[in-house]
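See structure below.
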Amino acid sequence: MDFQGRTWKFGADVDTDAIIPARYLNTSDPAELAKHVMEDADPEFPNKVKEGDIIVADKNFGCGSSREHAPICIKAAGVSCVIAKSFARIFYRNAINIGLPIFESVEAGEKIQEGDVVKVDVNTGLITNVTRNEQYQATPFPAFMQQLINAGGLINYVREKVNKGGV
Amino acid sequence: MAMTITEKILAAHAGKDRVEPGELISAKLDIVLANDITAPVAIKEFDKIGVPGVFDKDKVVLVPDHFTPNKDIASAEQAKMLRDFAKKHELTNYFEVGRMGIEHCLLPEAGIVGPGDVIIGADSHTCTYGALGAFATGVGSTDAAAGMASGEAWFKVPEAIKFVYNGELSKWVGGKDLILHTIGDIGVDGALYQSMEFTGEAIRNLSMDGRFTMANMAIEAGGKNGIIEADQTTIDYVEGRAQRPYKVYKSDEDAKYARVIEYDCSQIEPTVAFPHLPENTRPISEVGTVEIDQAVIGSCTNGRIEDLRLAAEVFKGHKVHKNVRAVVFPGTQQIYKQAMAEGLFDIFIDANVAVSTPTCGPCLGGHMGILAKGERSIATTNRNFVGRMGHPESEVYLSNPAIAAASAILGRIGSPEEVE
């Protein structure tokens with residue numbers, strides 16, 4: 001499967017408060033949260049972002065709080081995937097658990113410019129910059145994480161395990 | 001094969017003799033925690049799994065502490081989800097307003113977590129319990145849901161950084177300053193995916209409250225966990241509280257570390273983190289003139305009795321500056337009672353400091369001390385991200401409780417030494 005979309009570029013250490021400020025966390029409704037996605041990093045972003053767009057960031061994307069509302073609102077806003085030089089640990093886990101595709105690539109984080117159209121091969125992690133005619137390779141997931149992704153997230157994985165009497 | 005304390009605890013909970021960094025394991029959980037922001041999402045996910053109940057009704061802990069006492073109807077609806085879930089599953093450790101405290105002050109105090117445990121919590125500051133010599137790490141709601149159902153979680157065994165704190169602390173320097181100094185040194189992703197092991201003479205001499213403050217902020221350096229080996233100080237704290245048997249683990253002397261970083265604590269001043277990252281630290285002597293509108297003393301980082309005593313020591317006989325409002329948030333009902341019994345509230349109230357019931361409130365910009373556009377707060381909390389305490393154009397400066405109290409009196413960020 002491929003994603004192709006317009007990119008929006010963010011800097012280093014984008015924290016989860018910037019992704020979804022706590023003042024909106026009195027709900028867990030994804031559509032409601034999506035209205036404020038990335039608001040404290042770019043107040044106009046919720047109006048600008050379109051279905052299928054891709055977020056590209058520098059290092060340590062999603063640092064700070066454990067709020068799963070962060071990847072949830074990015075996904076609910078229609079963003080197909082996030083590419084960053086690196087991800088904060090809890091955000092990384094949360095994104096995989098809820099089925100928001102993420103790709104780690106220093107080169108992509110460096111070279112992609114805002115507005116570039118980028119194609120991502122979900123299975124291989126090959127990122128093609130259509131605008132600049134360049135390619136970057138994302139770090140592959142460990143086998144177990146690929147299993148989680150293939151199962152459609154952690155809950156599906158655990159449910160399968162429970163049904164097999166594994167727990 | 002030599003192992004670190006984190007590797008030993010994870011190995012024991014994975015039913016293995018040993019584990020190595022990078023290895024993926026499934027570990028048995030001693031405690032699974034969630035709060036009024038993260039539990040609603042976790043409960044929805046839990047219901048999708050289709051198990052009849054939680055894995056152990058004593059080991060799933062729910063603490064509504066972020067937007068409580070409920071700040072509005074929407075947050076009341078969220079808190080109600082926790083209450084209903086706790087009733088349905090007969091949870092032993094659900095803490096209603098009046099019994100609750102800030103989760104990371106409350107769980108150690110109540111003896112729910114102890115040395116040698118593996119704990120996950122849907123709150124990033126779950127790493128606080130590492131101060132007891134436990135492996136504790138923050139996760140999201142879905143991980144918490146899976147843990148509540150299965151009693152297990154998957155982990156990648158982290159590499160460890162060993163921090164050695166040598167020498168003696170100067171006056172007004174505490175655990176908060178050591179950890180801010182460390183984050184300033186290695187950066188907000190300096191320990192990404194890694195374990196932070198805090199060791200050395202200064203740590204051995206640090207009280208439990210100071211140790212909790214240090215482990216609490218491991219996440220602000222990107223750490224998976226912060227951990228301090230249990231010693232007599234830990235045992236003295238845990239005895240009489242522990243609800244379950246606990247086990248003390250220690251790192252082998254020849255355990256492997258990704259890095260070893262040493263600090264001479266006598267050179268560390270009270271430290272302030274400037275907006276908008278905890279790594280933007282400056283020693284108090286280099287702060288310059290930064291006027292403030294608010295001072296917040298409390299939170300899971302610095303809401304314990306010693307923190308309140310320190311603030312009271314500075315406030316005693318003084319008044320909060322006319323341009324400043326100061327608010328103290330004791331971490332738990334027990335801490336509240338103790339502070340009251342020690343006369344600390346008289347000192348605070350005489351100094352024109354407001355005293356609140358325990359809540360995470362202003363730390364995350366929830367309620368009870370939100371900043372307007374352009375306002376600045378000094379805070380003993382843990383994060384100074386854009387908009388963390390209110391308006392996106394407000395500012396938060398992080399410090400220890402003595403600096404926060406002195407700043408409230410001075411009307412600008414300063415040291416207790418400057419208070420006449």
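The values are calculated or read from the model by the stated rules, or taken from the named source; none is laboratory data. Quick caveat: nothing in here was measured; it's all calculated off a predicted structure. Cβ placement follows ideal geometry from the backbone for every residue including glycine, while neighbour counts extend to all protein chains displayed.
Counting only helices (runs of 4 or more DSSP H) that sit completely within region B:16-115, those holding 2 or more residues that are out of contact with any Asp or Glu (no Cβ under 6 Å at 6 or more places or on another chain) and away from chain A (no Cβ under 14 Å) correspond to B:73-88, B:103-109.
Pick from A:M38, A:M1: which is among the aliphatic types (A, V, I, L, M) and at pLDDT below 95? It would help to see each step written out before you state the result.
Values: A:M38 fails: at pLDDT below 95.
Result: A:M1 is the single residue among A:M38, A:M1 that is among the aliphatic types (A, V, I, L, M) and at pLDDT below 95.
Could you tell me which residue of region A:22-39 is nearest to the other protein chains (Cβ to nearest Cβ), considering only residues that are within 17 Å of the chain's Cα centre (by Cα) and surrounded by fewer than 19 Cβ atoms within 10 Å (Cβ to Cβ)?
Filtering region A:22-39 down to residues within 17 Å of the chain's Cα centre (by Cα) leaves A:30-31, A:33-39.
Narrowing further to those that are surrounded by fewer than 19 Cβ atoms within 10 Å (Cβ to Cβ): A:30-31, A:35.
On the way: A:P30: 10, A:A31: 14, A:K35: 14 Å.
Only one residue fits best here, namely A:P30.
Taken together, the criteria place B:K224 among residues that are closer than 30 Å to A:E104 by Cα, among the charged types (D, E, K, R), within 12 Å of chain A (Cβ to nearest Cβ) and touching a residue at least 12 places away in the same chain (Cβ under 8 Å).
Scanning region B:116-155 for residues that are over 27 Å from A:G62 (Cβ atoms), in a loop (DSSP other than H, G, I, E, B) and not small (G, A, S) yields no hits at all.
Scanning region A:1-21 for residues that are surrounded by fewer than 19 Cβ atoms within 10 Å (Cβ to Cβ) and among the acidic types (D, E) gives a single hit, A:D2.
Right, B:G147: touching a residue at least 24 places away in the same chain (Cβ under 8 Å) and either in contact with a Pro (Cβ under 6 Å, 6 or more places away or on another chain) or within 30 Å of B:A42 (Cα to Cα) (or both) or not? For B:G147, the condition - touching a residue at least 24 places away in the same chain (Cβ under 8 Å) and either in contact with a Pro (Cβ under 6 Å, 6 or more places away or on another chain) or within 30 Å of B:A42 (Cα to Cα) (or both) - is met. Consider region B:133-172 and keep the residues that are within 12 Å of chain A (Cβ to nearest Cβ) and among the aromatic types (F, W, Y). The one that is surrounded by the most Cβ atoms within 10 Å (Cβ to Cβ) is B:F155. Annotation note: of B:E229, B:E239, the sole residue that is without any contact (Cβ under 8 Å) to a residue 24 or more places away in the chain and more than 14 Å from chain A (Cβ to nearest Cβ) is B:E239. Candidates in region A:40-62 are the residues that are in a loop (DSSP other than H, G, I, E, B) and either away from chain B (no Cβ under 14 Å) or among the β-branched types (V, I, T) (or both); of these, the one that is surrounded by the fewest Cβ atoms within 10 Å (Cβ to Cβ) is A:E51.
Listed residues B:D123, B:D117; which is in the same structural domain as B:A221 (by TED's automatic domain parsing), in contact (Cβ under 8 Å) with a residue 40 or more places away in the chain, buried (at least 21 other Cβ atoms within 10 Å of the Cβ) and under 21 Å from B:E23 (Cα atoms)?
On the way: B:D123 fails: under 21 Å from B:E23 (Cα atoms).
On inspection, the qualifying residue turns out to be B:D117.
This table checks each residue for (1) under 21 Å from the mean Cα position of the chain (by Cα); (2) buried (at least 23 other Cβ atoms within 10 Å of the Cβ).
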{"position": "B:D72", "(1), (2)": "no, no"}
{"position": "B:Q78", "(1), (2)": "no, yes"}
{"position": "B:L82", "(1), (2)": "no, yes"}
{"position": "B:K87", "(1), (2)": "no, no"}
{"position": "B:L91", "(1), (2)": "no, no"}
{"position": "B:R99", "(1), (2)": "yes, no"}
{"position": "B:L106", "(1), (2)": "yes, yes"}
{"position": "B:A110", "(1), (2)": "yes, no"}
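Being of a type in the set (S, T, Y) and either within 13 Å of another protein chain (Cβ to nearest Cβ) or in contact (Cβ under 8 Å) with a residue 60 or more places away in the chain (or both) holds for only one residue in B:S415, B:S356, and it is B:S415.
Got at least one residue in region B:314-328 being farther than 20 Å from B:I409 by Cα and in contact (Cβ under 8 Å) with a residue 24 or more places away in the chain? No: region B:314-328 contains no residue that is farther than 20 Å from B:I409 by Cα and in contact (Cβ under 8 Å) with a residue 24 or more places away in the chain.
Residues of region B:364-387 include at least one that is assigned to a helix (DSSP H, G or I), under 28 Å from B:A34 (Cα atoms) and within 14 Å of another protein chain (Cβ to nearest Cβ). Just one of the listed residues (A:F10, A:F3) is in contact (Cβ under 8 Å) with a residue 12 or more places away in the chain, touching a Gly at 6+ places or on another chain (Cβ under 8 Å) and aromatic (F, W, Y), and it is A:F3.
Which of the residues that make up region B:286-333 are part of a helix (DSSP H, G or I) and either touching a Cys at 6+ places or on another chain (Cβ under 9 Å) or of a type in the set (F, W, Y) (or both)?
Pass one, region B:286-333, residues part of a helix (DSSP H, G or I): B:286, B:299-302, B:305-315, B:333.
Correct list: B:S299, B:C300, B:T301, B:F315.
Take B:E90 and tell me if it is among the acidic types (D, E) and closer than 26 Å to B:W154 by Cβ. The answer is no for B:E90.
Residues in region A:24-31: is at least one under 30 Å from B:I186 (Cβ atoms), without any contact (Cβ under 8 Å) to a residue 24 or more places away in the chain, out of contact with any strand residue (DSSP E or B) (no Cβ under 9 Å at 6 or more places or on another chain) and in a loop (DSSP other than H, G, I, E, B)? No; the residues of region A:24-31 include none that is under 30 Å from B:I186 (Cβ atoms), without any contact (Cβ under 8 Å) to a residue 24 or more places away in the chain, out of contact with any strand residue (DSSP E or B) (no Cβ under 9 Å at 6 or more places or on another chain) and in a loop (DSSP other than H, G, I, E, B).
Among the residues of region A:70-104 satisfying the criterion of being in a loop (DSSP other than H, G, I, E, B) and in contact with a helix residue (DSSP H, G or I) (Cβ under 7 Å, 6 or more places away or on another chain), which is nearest to A:V56 (Cα to Cα)?
At the first step, the residues of region A:70-104 found to be in a loop (DSSP other than H, G, I, E, B) are A:77-80, A:85-86, A:88, A:99-101.
Filter again for in contact with a helix residue (DSSP H, G or I) (Cβ under 7 Å, 6 or more places away or on another chain), leaving A:77, A:85, A:100.
Numbers: A:A77: 15, A:K85: 9, A:L100: 14 Å.
If we take residues in region A:70-104 being in a loop (DSSP other than H, G, I, E, B) and in contact with a helix residue (DSSP H, G or I) (Cβ under 7 Å, 6 or more places away or on another chain), then A:K85 is nearest to A:V56 (Cα to Cα).
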